[in-house]
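The values are calculated or read from the model by the stated rules, or taken from the named source; none is laboratory data. Keep in mind that this is a model prediction, so the values were computed, not measured. Every residue, glycine as well, gets a Cβ built from its backbone with ideal geometry; the counts of neighbours run over all protein chains shown.
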Amino acid sequence: MATGTKQLMSKNGRAIMLLSQEMFSYEVGDRIRTISEYVDLFQTSRGTVQSAIKFLQEEQCIRLESRGHLGTFLIEMNHKQLWEFSDFGVIMGAMPLPYSKRYEGLATGLYKAFEEKEIPFSLAFMRGGNKRIEALNFGKYSFSIISKLAADTQMEMHHDLHIVHEFQPGSYVGNHVVIFRNAEVQQIQDGMRVGFDAASIDQSMLTEVECEGLDVAYVATPYNQILQKLEMNEIDAAIWNADEIKEKNLDFHIQPLRKQLAQELDRKGTIATIVVSKDAMVIGRIMQRLLELDAVEEIQKQVIEDKIMPVY
């Protein structure tokens, strides 16, 4: 790739990089923008755009076909070759810790979707939707997996957040329940110590709604320490993801959410979404246009049903 390296170091390098990134938002058969549109988009000269297009064709990254007044169409695209000039590097995603088969299945589906398109990809696992969104906004990750409840809530406050894809209900969690230390208790009551994880948008919202009107003491409790704090008599109750309890056959007393609003919010909380920041919208377009995101859920289902081994 000596020729490509020299070209990228030249004055045309930026146009080649931007054009490479732009091509990832197309599918074979699409009409591409006109030269004039690229001139305005890249803020460069007509000759520079023409040189960049010629370069990508000579490097066999793309093949174009002019159809007169209909425009120019993308006939062939080599994703792997094109990626070398896009300067994207490795696409990094962040999602919840894979403590359940549902999360393992989601991670496996994403890996296979990127692998099929030969796009360099890596997943990081991070507890807390708030932390994943914060890392996303700092540019540490290209995209993040959070629930639709968390996504909708954050988009009301941060307009730079965008949903790239929304999966089906049950793709994020099965449902949330209230878990109690005392097996005789049926619902949260006045005077209880309730575990509260501020880093988890879903858990904190559901807890506040379920406890509305009650005189309870919120105890700061990381999500992964809730069971331990129940056993050590440090809290009396907490909102919890039912998946882990069912999968591991844990012997804890659970009850369904009582408040209607909590139940409505929980339905949104079961839906997994892929979100990106405004600065990573091109990555979002790549994922929408190139990846078989609907197939991710089928792989997730097979992992949950123990039909395939998780890989992440």
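Tabulated data for the structure shown
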quantity	calculated
Options I254, I271: the member that is touching a Pro at 6+ places or on another chain (Cβ under 6 Å), touching a residue at least 40 places away in the same chain (Cβ under 8 Å) and surrounded by fewer than 22 Cβ atoms within 10 Å (Cβ to Cβ)	I271
Residue list for the stretch 141-173, restricted to those being over 18 Å from D243 (Cβ atoms) and within 13 Å of the chain's Cα centre (by Cα)	Y141, S142, F143, S144, A151, L161, H162, I163, V164, H165, E166
So A280, is it in contact (Cβ under 8 Å) with a residue 40 or more places away in the chain, over 19 Å from A94 (Cα atoms) and either touching a Gly at 6+ places or on another chain (Cβ under 9 Å) or of a type in the set (A, V, I, L, M, F, W, C) (or both)	no
Unmet requirement for L70, which otherwise passes all of (1) at pLDDT below 95; (2) loosely packed, with under 13 Cβ neighbours inside 10 Å; (3) touching a strand residue (DSSP E or B) at 6+ places or on another chain (Cβ under 9 Å)	(1)
Index of the failed condition, I62 passing every other in (1) crowded, with 20+ Cβ neighbours inside 10 Å; (2) more than 28 Å from S122 (Cβ to Cβ)	(2)
Test for K80: is it surrounded by 17 or more Cβ atoms within 10 Å (Cβ to Cβ), of a type in the set (K, R) and over 21 Å from V276 (Cβ atoms)	no
I145 vs. criteria in the same structural domain as Y111 (by TED's automatic domain parsing) and either under 19 Å from Q255 (Cα atoms) or modelled with pLDDT of 95 or more (or both)	yes
Evaluation of R127 against (1) over 13 Å from the mean Cα position of the chain (by Cα); (2) closer than 27 Å to I245 by Cβ; (3) buried (at least 17 other Cβ atoms within 10 Å of the Cβ) (one fails), failing number	(3)
Candidate set from the stretch 87-123 (those that are farther than 16 Å from F143 by Cβ and of a type in the set (G, A, S)); member that is surrounded by the most Cβ atoms within 10 Å (Cβ to Cβ)	G105
Qualifying positions in the stretch 97-152 - touching a strand residue (DSSP E or B) at 6+ places or on another chain (Cβ under 8 Å), part of a loop (DSSP other than H, G, I, E, B) and free of Cβ contacts under 8 Å to residues at least 60 places away in the same chain	P120, M126, K140, Y141
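Every residue, every condition in (1) surrounded by fewer than 19 Cβ atoms within 10 Å (Cβ to Cβ); (2) at pLDDT 95 or above; (3) within 22 Å of G68 (Cα to Cα); (4) among the small types (G, A, S), yes or no:
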{"residue": "K11", "(1), (2), (3), (4)": "yes, no, no, no"}
{"residue": "F24", "(1), (2), (3), (4)": "no, no, no, no"}
{"residue": "T34", "(1), (2), (3), (4)": "yes, yes, yes, no"}
{"residue": "Y38", "(1), (2), (3), (4)": "no, yes, yes, no"}
{"residue": "Q43", "(1), (2), (3), (4)": "yes, no, no, no"}
{"residue": "Q50", "(1), (2), (3), (4)": "yes, yes, yes, no"}
